[in-house]
Structures are given as C-alpha cells and as structure tokens.
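Heads up, the thing below is written out as structure tokens.
The values are calculated or read from the model by the stated rules, or taken from the named source; none is laboratory data. All figures in this text were calculated on a predicted structure; none of them were measured in a lab. We place every Cβ from the backbone using ideal geometry, glycine too, and count neighbours over all the protein chains shown. For the accessible areas, the whole protein counts, side chains as well, though only heavy atoms, and no ligand, DNA or RNA atoms are used. Shrake-Rupley method; radii C 1.70, N 1.55, O 1.52, S 1.80 Å.
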Amino acid sequence: MRFDVLTLFPELLAPFVASGVTRRAYESKQVEVVLWNPRDFAQGNYKRVDDRPFGGGPGMVMMAEPLTACLDAALAARGAPAPVVLFSPIGEALRHEAVERWSASEGAVLVCGRYEGIDQRFIDARVTHQISLGDFVLSGGEIAAMALLDAVARLQPGVLGDEASHVQDSFNPALDGLLDCPHYTRPEQWNGQGVPAPLLSGHHAQIERWRRDQRLAITAARRPELIEAARTAGKLNKADEAALKKKL
C-alpha cells in the first residue's frame, strides 16, 4: 500500500519512517510513504501557502491553490484515484476497526493541515475522508498522520516479528474488543513489589484465566461500554460473567 503525505513539515515525518520496529514496513515498501510539500507547488517568489482569513480573526488559513496542485501531483504519481484524508476535529474518531480497514487497503493521500485550518473550498472539493484522534486540537496534522501510519504498519505481516503480537492488542474485535491485561518482566521483585503468583505458576490454564480476569476487570472499570459490546457480540462466556459478577 502507499500513503502520500501532504505536509509543510516533511522533516517531521522523515525520521519517523526510519525509526522503531515499524520501519520494517516502510523499508520493505509494505507500507510506502511519499512526502509532498505544498510549498513546492506555490506561486511567486515567496512560495506563499497561507493568507489571512476572510471576515477577520486570528491566525492564517492554508490556501486552496497550492494544496490542489500538490494533491494533483501526488495522485498523478500514484497513477490511480485514492482516498484523500484530512485530519480534523470534525472527523470520525480513529478506532481499531478503521485501522484494520486502512491496513487492508491500497492506502490514501493524507493531508496535514496547519495554522487556523484549510480553505473550506479545498475540503469540499477534494477531501473524501476526515479523521480525528480525539477531542483535542493539535498544531498540525502530522502527529495524526504518524499515528495512522504506525497503527497500519504494525498490522502488516512480519513487521512485529511475532505474528501473534498484535492479536492480544486492546480493542481487537477479532479477540473480544476488551482492553489488554497488565504485563510483567524481570526482576521478580522490584521496589518491594512482586509479580502476581499465577504468572509464576507455570500453569498455562491458570495464567490464561488470570490474564482474562484482569482484562475483564480493567475494561469494566475503565471502559464499561466495551464489556457491553463484547457481551452483545457473544464474546463473553459463563466464566467471564462470573468473574465480572465477583468484581461488582
């Protein structure tokens, strides 16, 4: 798959695609990332990409013309139509189900806004999807783009090394959609705190039951709506329901 990223700050993403375990996806081109700077497509000596908002007010607004020229170049380089994604507070919140859909797609063009925003005429004419990371505002779309790219890359075969690594992830509907359990490693004693006894028992069934009970308890306490969703989907068995009842 291929993601073309339109950003005024490509230097923010360059080290990202060369770092961490997900770099395997980018180096192998399982997830190809191509960076485009709208400033390269702006007119005039100053390569202006923003201007004052009509109606007054603070800040500047990204202009439609350089964005359009940049987008056209990215689409031409792809050689085929593609979704055009804008990271925006009004977008749909990014969840695991959407990440799975993007991870099985041919990619998209990701538009990273800056300043007070983007000329609405560009959004109306060219943007096909809007995505939000949550109910807060970032200074630009680059962090959101990196979040999507990272989430997609880690689902590609061979990227995490252990194929089962992402199966136990929080929110995975293929499992149950619940939050993950706590994890422990060496040393066995640290700052006067030990490791829960079931994890040291060597008893596989006991370990799995402990982890399951932890996932249920944490999800019930932190995200009870996920428990209801799992129950509706038939993902909870009698032992799960008993564990939940015990916690009440």
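Residue-by-condition table, conditions (1) of a type in the set (Asp, Glu); (2) within 24 Å of Leu94 (Cα to Cα); (3) surrounded by fewer than 16 Cβ atoms within 10 Å (Cβ to Cβ):
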{"residue": "Gly117", "(1), (2), (3)": "no, yes, no"}
{"residue": "Thr128", "(1), (2), (3)": "no, yes, yes"}
{"residue": "Ile131", "(1), (2), (3)": "no, yes, no"}
{"residue": "Ala144", "(1), (2), (3)": "no, yes, no"}
{"residue": "Leu148", "(1), (2), (3)": "no, yes, no"}
{"residue": "Pro187", "(1), (2), (3)": "no, no, yes"}
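Just one of (1) farther than 20 Å from Leu12 by Cα; (2) among the hydrophobic types (A, V, I, L, M, F, W, C); (3) not in a helix (DSSP H, G or I) fails for Ala69. It is (3). Just wondering, is there one or more residues in segment 174-185 that are outside any loop (DSSP other than H, G, I, E, B) and either over 30 Å from Arg101 (Cβ atoms) or modelled with pLDDT of 95 or more (or both)? No, segment 174-185 has no match at all. Quick check: is even one residue across segment 97-106 part of a helix (DSSP H, G or I), under 21 Å from the mean Cα position of the chain (by Cα) and either over 27 Å from Ala151 (Cα atoms) or of a type in the set (Lys, Arg) (or both)? So far as segment 97-106 goes, yes, one or more of its residues are part of a helix (DSSP H, G or I), under 21 Å from the mean Cα position of the chain (by Cα) and either over 27 Å from Ala151 (Cα atoms) or of a type in the set (Lys, Arg) (or both). Which condition breaks for Glu92 when tested against (1) free of Cβ contacts under 8 Å to residues at least 60 places away in the same chain; (2) assigned to a helix (DSSP H, G or I); (3) within 20 Å of Ala145 (Cα to Cα)? The single condition Glu92 does not satisfy is (2).
Restricting the first member to segment 130-146 and to residues that are in contact (Cβ under 8 Å) with a residue 12 or more places away in the chain, and the second to residues that are polar (S, T, N, Q) and open to solvent by less than 10 Å² (accessible area, probe 1.4 Å), the beta-carbon pairs closer than 6 Å and six or more apart or on different chains are Glu142/Thr7. Among the residues of segment 197-233, the ones that are open to solvent by less than 40 Å² (accessible area, probe 1.4 Å) and touching a residue at least 40 places away in the same chain (Cβ under 8 Å) come to 4 in all. Scanning segment 192-248 for residues that are among the basic types (Lys, Arg), part of a helix (DSSP H, G or I) and within 25 Å of Pro173 (Cβ to Cβ) gives Arg209, Arg211, Arg212, Arg215, Arg222, Arg231, Lys238, Lys245, Lys247.
Leu86: closer than 14 Å to Cys112 by Cβ and touching a residue at least 12 places away in the same chain (Cβ under 8 Å), yes or no? Yes: the conditions hold for Leu86. Please determine whether any residue of segment 47-70 is under 23 Å from the mean Cα position of the chain (by Cα) and in the same structural domain as Asp135 (by the TED database). So far as segment 47-70 goes, no, none of its residues is under 23 Å from the mean Cα position of the chain (by Cα) and in the same structural domain as Asp135 (by the TED database).
Right, Leu236: more than 26 Å from the chain's Cα centre (by Cα), open to solvent by less than 80 Å² (accessible area, probe 1.4 Å) and in contact (Cβ under 8 Å) with a residue 60 or more places away in the chain or not? Yes; evaluated as a whole, the condition is true for this residue.
Picking from residues in segment 1-51 that are among the basic types (Lys, Arg) and in a loop (DSSP other than H, G, I, E, B), the one that is least open to solvent (accessible area, probe 1.4 Å) is Lys47.
Determine whether segment 171-184 contains at least one residue that is farther than 30 Å from Leu244 by Cβ and either among the hydrophobic types (A, V, I, L, M, F, W, C) or more than 13 Å from the chain's Cα centre (by Cα) (or both).
No - not one qualifying residue is present in segment 171-184.
Evaluate segment 75-97: report whether one residue or more is among the small types (Gly, Ala, Ser), closer than 24 Å to Lys29 by Cα and open to solvent by less than 10 Å² (accessible area, probe 1.4 Å).
no
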